[in-house]
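Let me begin by presenting the structure, written as structure tokens, before commenting on it.
Bear in mind these aren't lab numbers, they're just calculated from the coordinates by the rules spelled out. Note that the coordinates shown come from a computational prediction; the quantities given were computed from them, not determined experimentally. We place every Cβ from the backbone using ideal geometry, glycine too, and count neighbours over all the protein chains shown.
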Amino acid sequence: MEESLLSRTPPRGAVTFLNVARTYIPNTKVECHYTLPPGIVANASDWIGIFKTEASSVRDYHTFVWCVIPEGAAEGSAIHSSVQFQASYLPKPGAQFYQFRYVNHKGRVCGQSSSFQFREPRPMDELVMLEESENGSDILLVVPKATVLQNQLEESQQERNDLMRLKLQLEGEVAELKSRVQELETVLQVTKEEQTKLMEKYKGLARAHGELKEERDVLSKQQGDHVARILELEDDIHAISEKVLEKEVELDRVKDTVKALTQEQEKLLGQLKEEQADKEQSQADLQASQVECCRLSTDLQKAKSHQDQQASELQRLQEEVTRTQNLLDEAQQHIAELEPLKEQLRGSQELAVSSQQKAALLGEELASTASARDRTMAELHRSRLELAEANNRLMELSLQWREDKGSWSKERTGLLQNVEAEKDKILKLSAEVLRLEKAVQEERTQRQGLKADLAQEKDSSLVQLSESKRELTELRSALRVFQKEKEQLQEEKQELLEYMRKLEARLEKVADEKWSEDAATEDEEATLGYTTAVLSDSEDEYPEDMRLPAHGLCERGGPGCNPSGPRDTPAHVVISQPSPIAPHTTRLHDDSSSDSEAEDEKAVLMAAVQSGGEEASLLLPELGSAFYDVARVPFRRESCIPGFSLRLGSKKRQD
């Protein structure tokens, strides 16, 4: 431990010592209460020592004890604690002043108390004056301090018991409120879990609804695409149908033309056969015509072979052939006109060839158009099937979506209602929890206040209890002192009684001798003269000391009563004192009856000592000055106690 100089003035935030008495009784343990401020952290190596007030180093302690670290001390708050100094280690009684000093583990003084002393208790310290107003008159009562402290201790104990009962009641209420809050928290947790499940279910339904909505949008888009494609295909089909109709009309027209040409050709062939029979006569003239006719027949056969391909041109050729046949008929009729008919037939054959070519081209185009139409019709049919399937799927999805939407709307409505109900419940529970938390906070505040009050009352009760114990210890010490004094007085009383008995025996003996010597006048006068001289000298020096106490031998009517002149003596000695100082010592009450005579005799002796020491020395020659000093001390002690009144009355004794 490092040695350090002590500061006379403690710093701010130092340790505070509570209820330090001005004096302590030696040979009794001393309890020291102190408070640690928030800035000082308690350590197991801290100690409290008893120092002399002029001590300048922590090594100059008389005794010390280690500090106790209280359990459950809150950080940042003041800590109350106490230590006890055993009686065997305390200083001896005297006029020296001491202090409690708190020294931390670093050897630094963190606080010091006010000064105090160790000395024996005095009787005056054990009495307390109380003022009471009763019936309009002020009465000053002098009562023992132990009685007052005992009453205060009982009141503090009763108040502490009431506070403990109130604390237990409040703790029960707080426990009930805690259980209620715990139940509400459990219900709130279950409700939150249910709400979480409902929210998860709601989110799942929302996701499913979103997926259905996306699928519906995709299907709607596909349906729009299909409808647009179908419209395009229908437009294409309509255009192709128009083209096909046009081609069919044109083909029918070509077929009709070819048929007409074929009929005309047949007619022409028939006419040619008839003309050949008619031309046999004019074969020579008509060789050129026959050659031409053969060529035309060849051309007609070629045209017939190509009739399927050039149907449209055949009609024209048939017309030409018909015209040619007509021309041939006319030629048969008019042989002279055969040449122009041949030329016309040649032109008709050329037209038939070109018509056949056109018919072939139209047939190919018609075939390609038919195949395109077939493909378009197949694609249209497939598109219609896909459209019908898509419509069916869309209708199914729409129906399912409507059903899901209805069920989802119902579930959503139910969930919203449940959520609203749960929200209301949660709001109510939150309000209830807030109210309960507020109530619990108020209860905690009240409990903290009650705890603080209880701790303060406990500290004050402990301090009062320690003070009461100290006062009780002082009272016991004073009682022991009084018992010792009483024993001494009893011994002195016994000695005085024995001496008084001896003195009475001697006085009786002297009186008998004096009455027997009345006959001897001379001796009596000499004896009386000597006695008068001695008494006059003593009366001149101590005129008041010659008065005998009221309880003298003359009152007892003893034979030794001197019939000399009257003397004024104190007749009554009355000592009024307060109630017994130590109510705990019942032995004084037991001995009160037996000590009354001793007290009267003691009062007589005290009066004798008060009046003067010479008379006491005459009455008690064997005790002398020792008895005078012993008797003086208790009389002075009793005369210093407030409440004592010595009333002396005088009564003239007559012989």
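With neighbours defined as other Cβ atoms within 10 Å of a residue's Cβ, the residues Tyr89, Tyr202 order from fewest to most as Tyr89, Tyr202.
Note on Gln84 and Asp453: with the Förster distance fixed at 41 Å, the Cβ-Cβ geometry gives a FRET efficiency of about 0.95. In this structure, Leu18 and Ala431 have a Cβ-Cβ separation that, at R0 = 45 Å, corresponds to a calculated FRET efficiency of about 0.45. Each of Glu386 and Glu200 was given a label point 7 Å from its Cα along the Cα-to-Cβ line. The distance between the two points is 4.3 nm. The order of His80, His62, going from fewest to most other C-beta atoms within 10 Å of their C-beta, is His62, His80. Using a cut-off of 28 Å between Cα atoms, the listed pairs Lys29/Lys458; Lys197/Lys405; Lys52/Lys469; Lys203/Lys423; Lys106/Lys451; Lys221/Lys247 include Lys106/Lys451; Lys221/Lys247 as exceeding that distance. Ranked by how many other Cβ atoms sit within 10 Å of their own Cβ, fewest first, the residues Thr16, Thr413 fall in the order Thr413, Thr16.
May I ask for the net charge around Lys451, where only other residues with Cβ less than 14 Å from the Cβ of Lys451 are counted and Lys, Arg are +1 while Asp, Glu are -1?
Net charge around Lys451: 0.
Proximity of backbone amide H atoms, modeled 1.01 Å from N, is registered between Thr63 and Ile50 at under 5 Å, excluding neighbours fewer than 5 places apart on the same chain.
From the alpha carbon centroid of region 386-455 to that of region 34-94 is 61 Å. Here the extension length gained between Leu497 and Glu364 equals 29.9 nm, from 0.36 nm per residue of separation less the Cα-Cα distance.
Each 5 Å bin from zero up to the one holding the largest Cα-Cα distance in region 16-120 carries the following percent of pairs: 2, 12, 24, 25, 18, 10, 5, 2, 0. A Förster radius of 22 Å, combined with the Cβ-Cβ distance separating Lys469 from Arg59, puts the computed FRET efficiency at roughly 0.10. Look at the dipole of region 16-120 built from charges on Cβ: of His33, Ala78, Pro91, the Cα furthest out on the positive end belongs to Pro91. Distance between the 7 Å Cα→Cβ label points at Ala44 and Lys106: 2.1 nm. For Thr16, the residues whose amide H sits under 5 Å from its own are Thr35, ignoring neighbours fewer than 5 places away on the same chain, with H placed 1.01 Å from N. A crude spin-label estimate for the pair Ser220 and Leu168, with each label 7 Å from Cα along the Cβ direction, gives 7.6 nm. In a simple Cβ point-charge model (Lys, Arg +1; Asp, Glu -1; nothing else charged), region 365-482 has a dipole of about 400 debye relative to its Cα centre.
What is the Å³ per residue value for the convex hull set by the Cα atoms of region 385-473?
About 109 Å³ per residue, rounded to a whole number.
Listed by chain and number, the lysines whose alpha-carbon sits under 16 Å from that of Lys425, ignoring those within fewer than 8 places in the same chain, are Lys192. Per-residue Karplus couplings for region 476-488, computed as 6.51 cos²θ - 1.76 cosθ + 1.60 with θ equal to phi - 60°, are listed in order as 5, 4, 4, 5, 4, 4, 5, 5, 4, 4, 5, 4, 4 Hz, Gly and Pro entered as x.
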